[in-house]
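The values are calculated or read from the model by the stated rules, or taken from the named source; none is laboratory data. Only a predicted model underlies this, so the values are computations on that prediction, with no experimental measurement involved. Here the Cβ positions follow ideal geometry from the backbone for every residue, glycine too, while neighbour counts run over all protein chains shown. Remember, those area values only see protein heavy atoms, side chains included, never the ligands or the DNA or RNA. Shrake-Rupley method; radii C 1.70, N 1.55, O 1.52, S 1.80 Å.
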Amino acid sequence: MLEIAADLIVLLHFAFILFVVAGGFFALKWRWLAWLHVPAAIWGALIEFTGWVCPLTPLENLLRQAGGKQAYPNDFTEHYILPLIYPVDLTRDLPLVLGLGVVILNVAVYSLWFARRKKKGGESPPSVH
């Protein structure tokens with residue numbers, strides 16, 4: 001049961017990363033989503049820039065250990081994501097590049113969002129309905 005909970009944390013963590021990277025595109029359609037996405041994107045970039053560990057990683061490790069499995073020594077991105085898309089020899093530069101990529105992508109998407117808003121005659125900021 002604890003192993004299943006740890007796996008669910010992995011899925012939640014991965015979904016959050018996808019939201020950080022691509023959530024701005026969804027906010028173009030559903031404006032209210034920007035209120036959730038902007039803080040998530042800031043958090044995601046901050047984690048990459050500072051080298052902090054997301055709180056979901058220790059939670060997953062705690063659940064794995066409680067279930068009799070071994071925890072992993074690094075963060076979620078290094079353990080699950082990077083082996084899928086990058087070579088094994090990870091340097092500190094890569095998380096900085098990933099964080100910068102999040103910032104650049106989201107600045108571009110929200111610039112488009114604001115340009116569309118301005119073109120439509122200055123709609124009000126996104127609201128939660």
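Step by step: first the residues of the range 31-40, then only those that are in contact (Cβ under 8 Å) with a residue 60 or more places away in the chain and out of contact with any Gly (no Cβ under 7 Å at 6 or more places or on another chain), then the one that is surrounded by the most Cβ atoms within 10 Å (Cβ to Cβ). Which residue is that?
My answer is Ala34.
So for the range 58-71 (the condition being open to solvent by 30 Å² or more (accessible area, probe 1.4 Å), touching a residue at least 24 places away in the same chain (Cβ under 8 Å) and closer than 16 Å to Val103 by Cα), does at least one residue qualify?
No, the range 58-71 contains no residue that is open to solvent by 30 Å² or more (accessible area, probe 1.4 Å), touching a residue at least 24 places away in the same chain (Cβ under 8 Å) and closer than 16 Å to Val103 by Cα.
Taking the criterion of being within 18 Å of Ala115 (Cα to Cα), open to solvent by 80 Å² or more (accessible area, probe 1.4 Å) and either in contact with a His (Cβ under 6 Å, 6 or more places away or on another chain) or of a type outside the set (Ser, Thr, Tyr) (or both), would at least one residue in the range 45-56 satisfy it? Full working, then the answer.
The initial filter retains those residues of the range 45-56 that are within 18 Å of Ala115 (Cα to Cα), namely none.
Scanning the range 45-56 turns up no residue that is within 18 Å of Ala115 (Cα to Cα), open to solvent by 80 Å² or more (accessible area, probe 1.4 Å) and either in contact with a His (Cβ under 6 Å, 6 or more places away or on another chain) or of a type outside the set (Ser, Thr, Tyr) (or both).
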